[in-house]
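Shown next, in structure tokens, is the structure this report addresses.
The values are calculated or read from the model by the stated rules, or taken from the named source; none is laboratory data. Because the structure is a prediction, the values reported are computed rather than measured. Counting neighbours? That spans all protein chains shown, and the Cβs are built from the backbone with ideal geometry, glycine included.
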Amino acid sequence: MKDFLSLAQQRQSDRAYDTNRPVEREKIERVLEAARVAPSACNSQPWHFIVVDDPELKNKVADATSTRILGLNHFTKQAPVHILIVEEKVNLSSGFGGWVKKKDFAPIDIGIATAQLCLAAEDEGLGTCILGWFDENKIRKLLDIPDNKRVVLDVILGYSTQSERPKKRKDFQSVVSYNGYQTK
Ligand SMILES: Cc1cc2nc3c(=O)[nH]c(=O)nc-3n(C[C@H](O)[C@H](O)[C@H](O)COP(=O)(O)O)c2cc1C
């Protein structure tokens, strides 16, 4: 079993997958359970997860995430599973708190649930890539999502064929300070 820090360090955005290996439903469900129990402002849980693992539908969803002109997200068809995260209404307390404090809590909550989902996937030996770039209207149509709902993220899931890359990150000292704001 991996310790949590190793899990966090090893998770990466995987952009190549074994196209012949589907993901077991039990694994998908464990990964989603990790997202379901994530914290959210006032326990609002403003999310809905749509699992797309039907191969034909999944390919249509993948097409809606990629653009040939910009060369973006060309790898997304390889992943056997796409999980679309739809933003749901926040509850009264979260909405009121967000209005008073001028903070939109729902996308923050969804980000946290997504992080838990990706780390749980890593723990299951699965690769993920979070996608923020996609044609939201096309996805709404394909998955019968009402027009007034935002589709915030698409997380793709599968058995990765990529090896581990070293992380490119800002230095620890430049993003952390003790007892006051200091940057280096
Ligand atoms: C909100 C969000 C949106 C992202 N959208 C995309 C995307 O559309 N396509 C993509 O290839 N990667 C996307 N990524 C992955 C980031 O590029 C990646 O997390 C970052 O470069 C760090 O690399 P790592 O995840 O491999 O550690 C997204 C990540 C986040 C958190």
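Entry remark, region 104-125: residues being in contact (Cβ under 8 Å) with a residue 12 or more places away in the chain and over 18 Å from Val37 (Cβ atoms) number 2 in total.
Among the candidates Thr76, Thr67, the residue that is β-branched (Val, Ile, Thr) and modelled with pLDDT of 95 or more is uniquely Thr76.
Please count how many residues of region 5-36 are exposed (fewer than 11 other Cβ atoms within 10 Å of the Cβ) and either assigned to a loop (DSSP other than H, G, I, E, B) or away from the ligand (no atom under 16 Å from the Cβ) (or both). Spell out the reasoning first.
Here is the first cut: in region 5-36, the residues exposed (fewer than 11 other Cβ atoms within 10 Å of the Cβ) are 5, 20, 26.
Then keep just the ones that are either assigned to a loop (DSSP other than H, G, I, E, B) or away from the ligand (no atom under 16 Å from the Cβ) (or both); that gives 20, 26.
Of the residues in region 5-36, 2 are exposed (fewer than 11 other Cβ atoms within 10 Å of the Cβ) and either assigned to a loop (DSSP other than H, G, I, E, B) or away from the ligand (no atom under 16 Å from the Cβ) (or both).
I need the full set of residues from region 145-184 which are among the hydroxyl-bearing types (Ser, Thr, Tyr), closer than 30 Å to Arg30 by Cα and either surrounded by 10 or more Cβ atoms within 10 Å (Cβ to Cβ) or touching a residue at least 60 places away in the same chain (Cβ under 8 Å) (or both), in order please. Step through it out loud before you land on a result.
Narrowing region 145-184 to residues among the hydroxyl-bearing types (Ser, Thr, Tyr): 159-161, 163, 174, 177-178, 181, 183.
Add one more test, that the residue is closer than 30 Å to Arg30 by Cα, and what stays is 159-161, 163.
Once the filter is applied, which keeps residues that are among the hydroxyl-bearing types (Ser, Thr, Tyr), closer than 30 Å to Arg30 by Cα and either surrounded by 10 or more Cβ atoms within 10 Å (Cβ to Cβ) or touching a residue at least 60 places away in the same chain (Cβ under 8 Å) (or both), region 145-184 yields Tyr159, Ser160, Thr161.
Return the residues of region 37-58 that are assigned to a helix (DSSP H, G or I) and surrounded by fewer than 14 Cβ atoms within 10 Å (Cβ to Cβ); say none if nothing qualifies. Across region 37-58, the qualifying residues are Asn43, Pro55, Glu56, Leu57.
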